[in-house]
1. Which GluC sites (Glu not before Pro) does the stretch 108-137 hold that lie in a coil by DSSP with at most 16 other beta carbons within 10 Å?
2. Run the numbers on the stretch 1-149 and let me know its relative contact order in percent, using alpha-carbon pairs under 8 Å that are six or more apart.
3. Just to be sure I understand: with springs between alpha-carbon atoms less than 10 Å apart, which residue in 239, 173, 198 has the highest mean-square fluctuation in the Gaussian network model of the chain?
4. With θ set to phi - 60°, apply the Karplus curve 6.51 cos²θ - 1.76 cosθ + 1.60 along the stretch 90-97 and write out the HN-Hα couplings as whole Hz, x wherever there is a Gly or Pro.
5. Lys/Arg Cβ at +1, Asp/Glu Cβ at -1, dipole of the stretch 14-134 taken about the Cα centre: which of 64, 108, 46 is farthest positive-ward?
6. Mind listing the phi-derived Karplus ³J(HN,Hα) values for the stretch 18-26, rounded to whole Hz, using 6.51, -1.76 and 1.60 with θ = phi - 60°, and x for any glycine or proline?
7. Rank the residues 9, 31 as a footprinting-exposure proxy: fewest other Cβ atoms within 10 Å of their Cβ go first.
8. Would you mind checking which residues have amide H under 5 Å from residue 10's amide H? H placed 1.01 Å from N; only 5 or more apart, or other chain.
Amino acid sequence: MENSLSENSNIIEVTGLTKKFGDITAINDISFSIGRGDIFAFLGPNGAGKTTTIKMLTTLLKPTSGKILIDGNNPATQQDKIRRSFGIVFQDPSLDEELTAYENMEFHGCLYRVPKDIRRQRIEELLKFVELWDRRKDLVKTFSGGMSRRLEVARGLIHHPKILFLDEPTLGLDPQTRNHIWSHITQLNKQEKMTVFLTTHYMEEAEKIARTIAVIDHGRIVTQGTSANLKERTGTSSLEEAFLKLTGTTIRKESADALERMRIGRRLWRRNRR
């Protein structure tokens, strides 16, 4: 059954996915599918549930209910297979700044058990692709934000993943660097037939790059389709206008996600017991 699913046109299938943290429902019965080789934008305001969803898709969080299939594999029983199938660039920086660019790549390749000869060939190939080969011996702490982001993208690709998850990869970067990063990613999508799952607050990025878009708000998917579909449904002329019409114009507070709120509450509870 699962082998036949892995051959179908969708590489990600999500059905009735729900995640609760105590009394807080972070993700509320969402369903969507992503085709192989697609570039899929998962958009939503702060606190809408984007990062929580990515954590469930990448086996970092266990769903409360619902079903996920990643390349035909079930995260509940086939975590190792799923982890080998994707690369990820986290919202927060995750490079070791005390290592060089090459050492960061080498360490990641070892974690994924990429054979030594293939690993070194792949490192050179990817660092040249993101235009960092000449800086391979430099410590990451000397890199600009854009250079570090490009290195994180390269690192996430070392094991030839079928899916690349990007959680706000261009946050805080200048337009030139953002354009440079997306140029690399779209080229890789074409060259390696890799599926891309991205989140971003830059609507012009999603409108330009994504072939399929889903909008999540308050833990629920409010619509999905192409950028043209969303604009037509909302009677707007840009994706940003469509997004605001779907999610409202109220400014959302930057706050810890539901999991972090639970951790904070647990620490306070322990402290009060002492």
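Just so it is clear, none of the values below were taken in a lab; they were calculated from the coordinates. Keep in mind that what you see is a predicted model, and the values were worked out from it rather than measured. Don't worry about glycine lacking a Cβ; one is built from the backbone with ideal geometry, like all the others, and counts go over all protein chains shown.
1. Working: sites: 124, 125, 131; in loops: 131.
Listed in order of number, the matching sites are 131.
2. Details: 172 pairs, mean separation 30.7, N = 149.
Across the stretch 1-149, relative contact order equals 21 percent.
3. Of 239, 173, 198, the Gaussian network model singles out 173 as fluctuating most.
4. Per-residue couplings from phi come out as 6, 4, 9, x, 9, 7, 8, 5 Hz.
5. Going by the Cα projections, it comes out as 64.
6. Values, residue by residue: 9, 9, 10, 10, x, 8, 8, 9, 7 Hz.
7. Values: 9 10, 31 14.
In order of increasing Cβ crowding within 10 Å: 9, 31.
8. The list, which skips near neighbours in sequence, is 36.
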